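Structure first, commentary second.
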Amino acid sequence: MSRSAHPAGPRHGDVLPEGHYAAPPADLNDLDSRVWARTVARGADGVVTVGGLPVTRLAEEFGTPAYFLDEEDFRARCRAWTDAFEDADVFYAGKAFLSRAVVRWLREEGLNLDVCSGGELATALAAGMPAERIAMHGNNKSRAEIERAVGAGVGRIVLDSFQEIVRVAHIAERLGKRQRVQIRVTVGVEAHTHEFIATAHEDQKFGLALAEGQAAEAVRRVLKLDSLELVGIHSHIGSQIFDMAGFEVSARRVVGLLTEIRDEHGVELPEIDLGGGLGIAYTPEDDPREPHEIAKALRDIVSRECTAAGLAVPRLSVEPGRAIVGPTAFTLYEVGTVKELAGLRTYVSVDGGMSDNIRTALYDAEYSVALASRASTAEPMLARVVGKHCESGDIVVRDAYLPADLAAGDLLAVPATGAYCRAMASNYNHVLRPPVVAVADGAAREIVRRETEEDLLRLDVG
């Protein structure tokens, strides 16, 4: 639905003609496996469980709102990606969600890690990720971040600008290192996604453009510097992508650059990274691809283009983040106020909101939601799940069907919140950020604890 201004004013912008909304599901108690973590189920008593634990008990122990992460699902998705890309490198995109526990899981499951800030790098190193399995991203890395990365011996730094080439080269030379690097190129492909998260068209902050010759010039500069070892080209075309067509165009253009590099410099680069951005199911209507399908498609694309150009096929890298952690978690809320607007919808206010999930306000993201603390046979009502913040745009789930007997004290669960929710959480209105609770084999533990008022006030030096 368009968010453009309505000529009758904002009060009427969301009043849609009868029949606009899809019909309610046949069973509001059903939990569609496409959007829920794999150990989530509804028990015989109607209470939703994860890892065998009922959410009512979890809410009593850890409070709400809280993110509950299915560790078994997370590890299984890691293995699915490494199995599918057994002859390639899988870098987990830490920006989706990162903690020391997650880093340990990644290390144990054989994944590499992609970081894009000093804080993410510090978390990775503190949790024992070998530096050679870390890639450092970012469009404006500080000198301190670069120095930390080079000094630690990260496996690659992805160069994003001409200025950064000089910065990394000088720091590596001063530290007596020869730093492995890739060059991030923008290939002129705009993925079929929200404009704010499409990253490969030229008019944006990331990378060096192919079309203007910037990428080729960056290659020339890097190859002249003894303190840098150019190992490959990096491309990332967006986020929440379901269509492989964009990757095909991107791969063709990146291989074209590799061909130019060979012809001009006599060098065949050994690596190509096509980034991440593969989509997940936030609603049952979403249809993401499985890792083995993605792997075959990308291998076929790169092999075909390299064969046509007479190039040896480089080692492929991919960077799933959301595709691993996104489906593994849900956010649990307690219902506070239920407000019916006759002829429109019912507003259901929960004890969290845009401070724990900004994506709906930021991207118009769509989510599913379910009554989790009990089953219900009540008629469905059209609802909007909203937060407790002083913003009319504080929306968690824009349009959903919930049981008409929903009441204060009920628990609602919003699936597929593992990626970018805790990572982008804030203290807006001085609300405390929720914990992340890992659940596995009938046990639950906080891997990121709930913030306290003491945490909040500790930074306020008065």
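The values are calculated or read from the model by the stated rules, or taken from the named source; none is laboratory data. Because the structure is a prediction, the values reported are computed rather than measured. Every residue, glycine as well, gets a Cβ built from its backbone with ideal geometry; the counts of neighbours run over all protein chains shown. These area figures cover heavy atoms from the full protein model, side chains too; ligands, DNA and RNA do not enter into them. Shrake-Rupley method; radii C 1.70, N 1.55, O 1.52, S 1.80 Å.
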### Query
What pairs can you find where one residue is in the stretch 26-40 and basic (Lys, Arg), the other is not in a loop (DSSP other than H, G, I, E, B), and their Cβ atoms are less than 8 Å apart, with a gap of 6+ or different chains?
Arg38/Asp70; Arg38/Glu72; Arg38/Asp73; Arg38/Ala76
### Query
Going by the conditions given, is Leu210 within 22 Å of Val313 (Cα to Cα), modelled with pLDDT of 95 or more and touching a helix residue (DSSP H, G or I) at 6+ places or on another chain (Cβ under 8 Å)?
no
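Rundown of residues vs (1) under 21 Å from Arg42 (Cα atoms); (2) of a type outside the set (A, V, I, L, M, F, W, C), yes/no style:
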position	(1), (2)
Ile324	no, no
Leu344	no, no
Asp364	no, yes
Ser373	yes, yes
Ser376	yes, yes
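With the requirement that a residue be open to solvent by less than 40 Å² (accessible area, probe 1.4 Å), touching a residue at least 40 places away in the same chain (Cβ under 8 Å) and either of a type in the set (Val, Ile, Thr) or in a loop (DSSP other than H, G, I, E, B) (or both), what does the stretch 388-406 give you? Write out each step before concluding.
If we filter the stretch 388-406 for residues that are open to solvent by less than 40 Å² (accessible area, probe 1.4 Å), which is where we start, we get 389, 393-397, 400, 402-403, 406.
Still in the list and also touching a residue at least 40 places away in the same chain (Cβ under 8 Å): 389, 394-396, 402-403, 406.
His389, Asp394, Ile395, Val396, Leu406 - these are the residues of the stretch 388-406 that are open to solvent by less than 40 Å² (accessible area, probe 1.4 Å), touching a residue at least 40 places away in the same chain (Cβ under 8 Å) and either of a type in the set (Val, Ile, Thr) or in a loop (DSSP other than H, G, I, E, B) (or both).
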### Exclusive hit being within 27 Å of Val338 (Cα to Cα) and at pLDDT 95 or above, set Arg445, Arg449, Arg433
Arg433
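Which one of these is open to solvent by less than 50 Å² (accessible area, probe 1.4 Å), in contact with a strand residue (DSSP E or B) (Cβ under 8 Å, 6 or more places away or on another chain) and either part of a loop (DSSP other than H, G, I, E, B) or farther than 25 Å from Arg34 by Cα (or both): Tyr367, Tyr420? First the steps, then the outcome.
Values: Tyr420 fails: in contact with a strand residue (DSSP E or B) (Cβ under 8 Å, 6 or more places away or on another chain).
After ruling out the rest, the residue left standing is Tyr367.
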## Note on the structure
Contact list, first residue from the stretch 165-190 and closer than 14 Å to Val154 by Cα and free of Cβ contacts under 8 Å to residues at least 60 places away in the same chain, second anywhere and surrounded by fewer than 24 Cβ atoms within 10 Å (Cβ to Cβ) and charged (D, E, K, R), beta-carbon distance below 6 Å, six or more apart or interchain, is Ile171/Glu147; Arg178/Glu229; Arg180/Glu229
### Summary
Scanning the stretch 337-361 residue by residue, those open to solvent by 10 Å² or more (accessible area, probe 1.4 Å), in a loop (DSSP other than H, G, I, E, B) and not charged (D, E, K, R) turn out to be Ala342, Gly343, Leu344, Met354, Ile358
### Message
Just to be sure before I move on: is Arg42 among the charged types (D, E, K, R) and under 21 Å from the mean Cα position of the chain (by Cα) in the structure I sent?
### Response
no
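Results for (1) at positive phi; (2) in contact with a Ser or Thr (Cβ under 7 Å, 6 or more places away or on another chain), shown as yes or no for each residue.
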site	(1), (2)
Gly353	yes, no
Ile395	no, yes
Arg398	no, yes
Gly409	yes, no
Arg422	no, no
His430	yes, no
Val436	no, yes
Ala443	no, no
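Checking the condition open to solvent by less than 30 Å² (accessible area, probe 1.4 Å) and assigned to a loop (DSSP other than H, G, I, E, B), which residue from Pro327, Pro284, Pro320, Pro288 passes?
Values: Pro327 fails: assigned to a loop (DSSP other than H, G, I, E, B); Pro284 fails: open to solvent by less than 30 Å² (accessible area, probe 1.4 Å); Pro288 fails: open to solvent by less than 30 Å² (accessible area, probe 1.4 Å).
Among Pro327, Pro284, Pro320, Pro288, only Pro320 is open to solvent by less than 30 Å² (accessible area, probe 1.4 Å) and assigned to a loop (DSSP other than H, G, I, E, B).
Within the stretch 38-51, count every residue that is part of a loop (DSSP other than H, G, I, E, B), open to solvent by 40 Å² or more (accessible area, probe 1.4 Å) and within 22 Å of Ile324 (Cβ to Cβ). Before the answer, list the steps.
So in the stretch 38-51, the residues part of a loop (DSSP other than H, G, I, E, B) come out as 38-40, 43-47, 51.
Still in the running and open to solvent by 40 Å² or more (accessible area, probe 1.4 Å): 38, 44-45.
Within this subset, residues satisfying the condition of being within 22 Å of Ile324 (Cβ to Cβ) are 38.
Qualifying residue count for the region: 1.
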### Task
Collect the residues in the stretch 52-76 that are surrounded by fewer than 22 Cβ atoms within 10 Å (Cβ to Cβ) and either within 13 Å of Pro327 (Cβ to Cβ) or basic (Lys, Arg) (or both), keeping them in residue-number order.
Arg57, Glu72, Arg75, Ala76
### Query
Take the residues of the stretch 225-254 that are open to solvent by 40 Å² or more (accessible area, probe 1.4 Å) and outside any loop (DSSP other than H, G, I, E, B): which is nearest to Asp286 (Cα to Cα)?
Ala245
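Scan the stretch 435-462 for residues that are outside any strand (DSSP E or B) and acidic (Asp, Glu) and jot them down. Lay out the reasoning, then the answer.
Kept after step one, since they are outside any strand (DSSP E or B), are these residues of the stretch 435-462: 435, 441-442, 449-462.
Asp441, Glu451, Glu453, Glu454, Asp455, Asp460, listed by residue number.
I'm checking my understanding of the structure. Among residues of the stretch 255-273 that are of a type in the set (Val, Ile, Thr) and more than 14 Å from Arg299 (Cα to Cα), which one is surrounded by the fewest Cβ atoms within 10 Å (Cβ to Cβ)?
In the first step, residues of the stretch 255-273 are kept if they are of a type in the set (Val, Ile, Thr); the result is 255, 259, 261, 267, 272.
Now narrow it down to the ones that are more than 14 Å from Arg299 (Cα to Cα): 259, 261, 267.
Numbers: Thr259: 17, Ile261: 22, Val267: 13.
Among those residues, the one meeting the criterion is Val267.
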### Task
Please report, ordered by residue number, the helices (runs of 4 or more DSSP H) entirely within the stretch 76-195 with at least 1 residues that are under 30 Å from Glu248 (Cα atoms).
100-109, 162-174
#### Entry: Residue list for the stretch 82-100, filter: out of contact with any Leu (no Cβ under 9 Å at 6 or more places or on another chain) and not polar (S, T, N, Q)
Asp83, Ala84, Glu86, Lys95, Ala96, Arg100
